[in-house]
1. Pop out a list of residues from the stretch A:215-250 that are at least 20 Å² less accessible with all the protein chains around than in their chain alone; 1.4 Å probe, no ligands or nucleic acids counted.
2. Can you tell me which of B:59-67, B:137-145 comes out highest on packing, and rank the rest after it, using the mean Cβ neighbours within 10 Å?
3. With r defined as the distance between the Cβ atoms of residue A:248 and residue B:13 and R0 fixed at 35 Å, what FRET efficiency is calculated, to the nearest 0.05?
4. Run the simple label-point estimate for residue B:95 and residue A:235 please: 7 Å along Cα→C-beta, distance reported in nm.
5. Which whole number gives the average count of other chain Cβ atoms within 10 Å of the Cβ atoms across peptide A:108-114?
6. Just counting partner chain Cβ atoms within 10 Å, what average do the residues of peptide B:136-142 show around their Cβ?
7. To the nearest 0.05, how large is the calculated FRET efficiency for residue B:6 and residue B:126 if R₀ is 30 Å and r is the Cβ-Cβ distance?
8. Need one number: buried accessible surface between chains A and B, 1.4 Å probe, both sides summed, DNA, RNA and ligands left out, in Å² to 100.
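The values are calculated or read from the model by the stated rules, or taken from the named source; none is laboratory data. Please read all numbers here as calculations on a predicted model, not as lab measurements. No Cβ is skipped: glycine too gets one built from the backbone with ideal geometry, and neighbour counts run over all protein chains shown. For the accessible areas, the whole protein counts, side chains as well, though only heavy atoms, and no ligand, DNA or RNA atoms are used. Shrake-Rupley method; radii C 1.70, N 1.55, O 1.52, S 1.80 Å.
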Amino acid sequence: MDELTVLRDLGPATDPGTASARLVARAALDRRIADRRSWLRRPLAVGITTASAAVMAGGAFALSQYVFVGSPASQAVERQVEQIDGVKATLRSHARTTGVLVDQTKAAVVLDTVAGPAYLWVAPTRGGGYCQYLDLANGTQPGGGPNLTGGCTTGHPFALDASFPWTRVGEKTVALVYGYVQQPATTVQIHFQSGATKSADINDGYFMVEVPAGDGPGSADQVTSVDALTSNGTVVATQVKGRIAPTARS
Amino acid sequence: VRHVRSDAQVVSASIRDQGAFAEIFERHFDTVYGYLARRVGPELATDLASDVFLTAFERRARFDTGRAEALPWLYGIAANKLRGHRRSEERRLRALARTPVLSGMDAGARSAIESSVAEALVSLPLIDREVLLLFAWADLAYEEIAEALDIPVGTVRSRLNRARHALREVLAPHSNLTISQEAPQWTN
């Protein structure tokens, strides 16, 4: 028996946890793809609509004044949530829709960013999961409809599920940290390389906060991690930027 | 005739259609995860394997489409991820050597051999271990290892020879043990 035979026999060649690892990893990849896809398209959409931007921006701002936390989504937003779910269902890996309950879509967080209002639309799914869609009121599609980015999970696999997108809207660059956190967390804390922190409240498990774009101190490029904390300050989950979201303990 | 796209074609397509990259995941996740799980255990492997594919997705524009297969490229990314987890790997290797085996061999003798091999692996320079395990566990050819680790093929050969020699040395004291590779013989 030579050294390679011994080596090849050392330890199991396959791991029984492959299926669960695959689910978690695939969810992370799908979300990254969804983020990149929509956020890459958004500046193009804004560029195409330059001629009518002033009119549409005015319209969007007017509409935004009627969107509060808990507001039900407009029909245009619902249509797009449904459309995204339908498109996903045509991908080989999905095979079916996530079962998003479109008519329950509501605004979980509303922010006034440097590029205008930003909404985090959320909806439950039939399978007990949740969907998150980010919407910049001024980053509309060429036709004037909303330009959502986001996706759904099956169940609640993550203890803390944060995203760190940024995009340009006209002359402005907006960077956000948004996501979902499970109980018993009541707040999230964003950490920067400098040691500084920034807190965000949680509404029904969802949060969204704007961070300055760029790479200066306290900016989006300097974000290192997000902690989920309970009301007494205990950290219950940490997500390092660029790493997979921490899974929930069953 | 059904035409299957090469990895290079899929990665190229994913530059414009990001969703196409999911096919690379579907083709190679189990292989990459299996290799990582063997090296650092399933828990850490889940994180690392996910990281490998997120990193690959972000760097897909840099993939050399002159190479049809993406697996060596993915193993190269995995090797970089593993560098920060040397201690976890060493713990894993020692644990593997202690794991009872069910085979036709004498369990005691086999355990002693595997412990020696695991210790030899732990003491190898990281790059030598990387070359050896890509060869023995990932079944990569010399050229593919060179591609994965971005080193010349000649270096792969010399490192592999050195690593195998180190393993042979630790196996030498066990050479007087009678170890059968045959299946056990059962009698009524």
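1. A:243, A:244
2. Values: B:59-67: 13.1, B:137-145: 18.0.
Highest to lowest by the protection proxy: B:137-145, B:59-67.
3. Values: r = 34 Å, r/R0 = 0.98.
In this case the efficiency is close to 0.50.
4. Once both label points are built, they end up 2.3 nm from each other.
5. Values: counts 0, 0, 0, 0, 0, 0, 0.
Shielding by partners across A:108-114 averages 0.
6. Numbers: counts 7, 5, 0, 1, 0, 0, 0.
Average neighbour count from other chains, rounded to a whole number: 2.
7. On the way: r = 32 Å, r/R0 = 1.05.
Step by step, r from the Cβ atoms, then E = 0.40.
8. On the way: alone 13660 and 11230 Å², together 21250 Å².
What A and B bury together is about 3600 Å².
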